[in-house]
Amino acid sequence: MIHAEVIIGIDISKARLDIHVRPTGQCWSIENGRAGIAALVTRLTKLRPAAIGMEASGGYEQPLARALHAAGFDVHILAPARVRAFARAIGQSAKTDALDAAMIARCLEASRDRLEPYAPDPAREQLSALGAHRRRLIAERSGLTSQLDTIDEPIVRRMIQARVRSIALSLICLDKAATALLAAEPRLKRRVDRLRQAIGVGPVLAGALVADMAELGHISAKAAAALIGVAPHARQSGASKRPGRCAGGRKVLRDILYMATLSAIKARDPVLATFYKRLREKGKPFKLAMVATMRKMITILNAIARDDPAFQT
């Protein structure tokens, strides 16, 4: 008799974990805390699952993922969009925590061969957290600066100006913390330094790619472009052949890559600037030419990571 592999799906909220077991259909809930996670690890050890899946939940998944990985389980963190697309594909419209856990298990079972298992990297996660907070502060500063153009009330203006100055100091602290982290982690520093050798790539893009795109150098150029969201997806049906359209991807990295590509064009990079100019001379609109140049840039950076020993350690 052939026994089907046990696949576990876990839906995570701030206070609770909902667990679903395939193929038995067993399900239960447990508190999301140290005691609950410890009890779950003990219970799952008896089930001996082939893989455990959970959605990225804004950081709430990290303690559980680390505990399960430490216990020796094959853990996967799935993108919520992937799970919802899978649910729609099989006609599952209803959405509850228990159903989400079941969908996670089924999605993992169907796509496990195309997913990379979770592997904690504390230094990289710390670098990612620093970069994420830096972006939040920059967005806040931009909004406040715009308000200064329309607000005349003296007290409000002074409060906004004080907050802008505070943000500037916080950004300096974050940049120093990132520099200190890289100095203490030669493995990550070598990667950042290597990427920064490319024209247009500054510390922000290099740090973001190292922290938030661990796949860089380990996937194809097309896959790297798709992860960023600058790969046009074919839309052909019968005799209809509509132009490809870019969709999805990691918006945070795409926004940073856009600015880096623009810098490379302005700096007259012999590859990217020439490529962009050729597209514009052919009549391509600005947006199309920029996306194509961004795709070329991430292709170059992916090739650098693929061939450089710094990314293989």
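Just so it is clear, none of the values below were taken in a lab; they were calculated from the coordinates. Just so we're clear, the structure is a prediction, and the values are computed from it rather than from any experiment. All Cβ positions, glycine included, derive from the backbone under ideal geometry; neighbour counts span all protein chains shown.
Rounded to the nearest Hz, the phi-derived 3J(HN,Hα) couplings of region 248-262 under the Karplus curve 6.51 cos²θ - 1.76 cosθ + 1.60 (θ = phi - 60°) are x, x, 8, 4, 4, 5, 5, 4, 5, 4, 4, 5, 5, 5, 4, where x marks glycine and proline. Across region 19-121, Cα-Cα pairs more than 16 Å apart make up 56 percent of the total. GNM remark for the chain: springs join alpha carbons under 10 Å apart, and the peak mean-square fluctuation among T274, T293, T150 falls on T150. In this Cβ point-charge picture (+1 for Lys and Arg, -1 for Asp and Glu), region 7-114 has a dipole of about 80 debye about its Cα centre.
When the helices of the chain are scored as -39500 (n - 2.57) per DSSP H run of n ≥ 4 and the total is divided over every residue, the value at 222 nm lands at -19000 deg cm²/dmol.
Here the relative contact order of region 251-313, from alpha carbon pairs under 8 Å that lie six or more residues apart, stands at 29 percent. In the set [x] 14.3; [y] 21.8; [z] 22.9, the label that goes with mean projected area of the Cα convex hull in nm² computed for this structure is [z]. For the residues R134, R190, R48, a GNM of the chain with alpha-carbon springs under 10 Å puts the largest fluctuation on R48. Give me the aspartates and glutamates in straight-line cross-link reach of K14: C-alpha distance below 18 Å, same-chain residues under 8 apart excluded. Of all the aspartates and glutamates, those that pass the test against K14 - Cα under 18 Å, at least 8 places apart if same chain - are E31, E55, E61, D97, D100. Measuring r between the beta carbons of Q312 and A129 and using R0 = 22 Å, the FRET efficiency lands at 0.30.
Using C-alpha pairs below 8 Å separated by at least 6 residues, the relative contact order for the chain is 13 percent. Among A260, A71, A177, the largest mean-square fluctuation in a Gaussian network model of the chain (Cα springs under 10 Å) belongs to A71. In this simple spin-label approximation, L174 and S142 carry label points 7 Å from Cα along the Cα→Cβ vector, and these lie 1.2 nm apart.
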